[in-house]
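Reviewing the structure listed below.
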Amino acid sequence: MNLSFPPIGKDAATTSLTADFAVMLVGVAARQAASPTAMLFQSRLRAGTYEAALLAPVHGAFNQAMACRLQRWKEAPARRPD
């Protein structure tokens, strides 16, 4: 089963976005960051908490169990087919 996206053809039309659209997105992001909910969450977030380390774990792997398994597989001696 192929779950990849189809390639974009050479003759596919692209649409450039206007500067007004970019300014609108910056405004939306700024209003979200200044919302009472975001400010409350940020005030409760301390360095070293789970939320702070979610995207930067100490072990450095996104999925530590899978990283350990891949490391063991890489270090295992190659098996010869019988």
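Things worth noting here:
- Multiplying the residue separation of Arg69 and Ile8 by 0.36 nm and removing their Cα-Cα distance gives an extension gain of 18.4 nm.
- Remark: the Ala38-Arg79 segment gains 9.4 nm on full extension, using 0.36 nm per residue and subtracting the alpha carbon distance.
Rule-based calculations on the coordinates, nothing more; no lab input. Remember, predicted model here, so these are calculated numbers, not experimental data.
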